[in-house]
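Chemist: Below is the structure I would like to discuss, written out as structure tokens.
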Amino acid sequence: MSAEGQIEEKTVTENTQPLSVPDPSWKGFYKWGGITAILYVILAVVAPAVMVIAGKYDFSMDSAAMLKFIAANKVWWIVLQTLVLGTSILAVITFAALFLSLKHINKSLAGVGSLCAIVLQILFLAYYPVLLGLSYLSDQYAAATGERETIIIAAAEALLAQNNAFNPLYESVFAVGILLISLVMLKGVYHKSAAYIGISIAPAAVIALSLWSVIGINYFWWWILFIIWFTMVGLKLLRLGKN
């Protein structure tokens, strides 16, 4: 076969390659994305849930009661916040791998969705020192008396206000990012059931967050859908890393 014919055959082969096939040169990154997704589910959700239940933590306690609780459970509190917020860096790696596995389908949607998710994970991580600040205040509160106690309680209220105020905005944008990614997943190698679960996350988050002032911490139910979706994504990325 002539050189011209070989070039033409190669061009035809490349042009007929299935659109849904991710770039195989990123196999190593897919694998790490899968590993970090599974680790995130275990460390940021499962382990903290067990700790909260075992520690009998009351989400409705006021600032003074919380400071006393933290003082009595210092290691528990630090470990809990490290797992819940510190592990956000793991999710960042997964979302980057997700983009790489979907960019050949729609760079714009995959890019915007992944960027939203990554930025929001970094913002979640930013609240790590805020909640660790409560640990510092708990030590101060234990040794305080009179007016000093009132000042420390007010400081704790301010930190809690910062932590609680981000939920409606941050989590809704995070859900929109997942929606955009999942729309692209409909045409890729990911199972359509995973894509549909991801798409359902956006309306579920909006409904849950709109009821936050009424149902309190129970709004967290929408994260169950996210964990199912993220686990499915992680398992698929692991398979992409092996192929």
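The values are calculated or read from the model by the stated rules, or taken from the named source; none is laboratory data. Since the structure is predicted, the reported quantities are computational estimates derived from the model, not experimental observations. Here Cβ is always computed from backbone atoms with ideal geometry, including for glycine, and neighbour counts include all displayed protein chains.
Chemist: Quick test of your reading of the structure: residue 171 fulfils all but one of (1) touching a Gly at 6+ places or on another chain (Cβ under 8 Å); (2) buried (at least 20 other Cβ atoms within 10 Å of the Cβ); (3) not hydrophobic (A, V, I, L, M, F, W, C). Name the failing condition by number.
Modeler: Unmet for residue 171, out of (1) touching a Gly at 6+ places or on another chain (Cβ under 8 Å); (2) buried (at least 20 other Cβ atoms within 10 Å of the Cβ); (3) not hydrophobic (A, V, I, L, M, F, W, C): (1).
Chemist: Which ones in the range 187-224 are under 20 Å from residue 103 (Cβ atoms), among the aliphatic types (A, V, I, L, M) and at pLDDT 95 or above? Lay out the reasoning, then the answer.
Modeler: Restricting attention to the range 187-224, the residues satisfying the condition of being under 20 Å from residue 103 (Cβ atoms) are 187-192, 194-195, 198-199.
So of that shortlist, the ones also among the aliphatic types (A, V, I, L, M) come out as 189, 194-195, 199.
Passing the criteria: 194, 195, 199.
Chemist: Which ones in the range 60-90 are part of a loop (DSSP other than H, G, I, E, B) and surrounded by 20 or more Cβ atoms within 10 Å (Cβ to Cβ)? Let's see the steps before the verdict.
Modeler: From the range 60-90, those part of a loop (DSSP other than H, G, I, E, B) are 60-62, 73, 87; that's our starting set.
87, the sole residue that qualifies.
Chemist: Looking at 114, 88, 108, which one is out of contact with any strand residue (DSSP E or B) (no Cβ under 7 Å at 6 or more places or on another chain), of a type in the set (Ser, Thr, Tyr) and within 19 Å of residue 191 (Cα to Cα)?
Modeler: The conditions single out 114.
Chemist: Quick one: residue 181 ticks every box in (1) closer than 30 Å to residue 31 by Cβ; (2) surrounded by fewer than 14 Cβ atoms within 10 Å (Cβ to Cβ) bar one, so which box is it?
Modeler: Status for residue 181: all satisfied but (2).
Chemist: As an exercise: evaluate residue 101 against (1) of a type in the set (S, T, N, Q); (2) surrounded by 16 or more Cβ atoms within 10 Å (Cβ to Cβ); (3) within 28 Å of residue 234 (Cα to Cα); (4) modelled with pLDDT under 95 and give the number of the one condition it does not meet.
Modeler: Evaluating residue 101 over (1) of a type in the set (S, T, N, Q); (2) surrounded by 16 or more Cβ atoms within 10 Å (Cβ to Cβ); (3) within 28 Å of residue 234 (Cα to Cα); (4) modelled with pLDDT under 95 leaves (4) as the failure.
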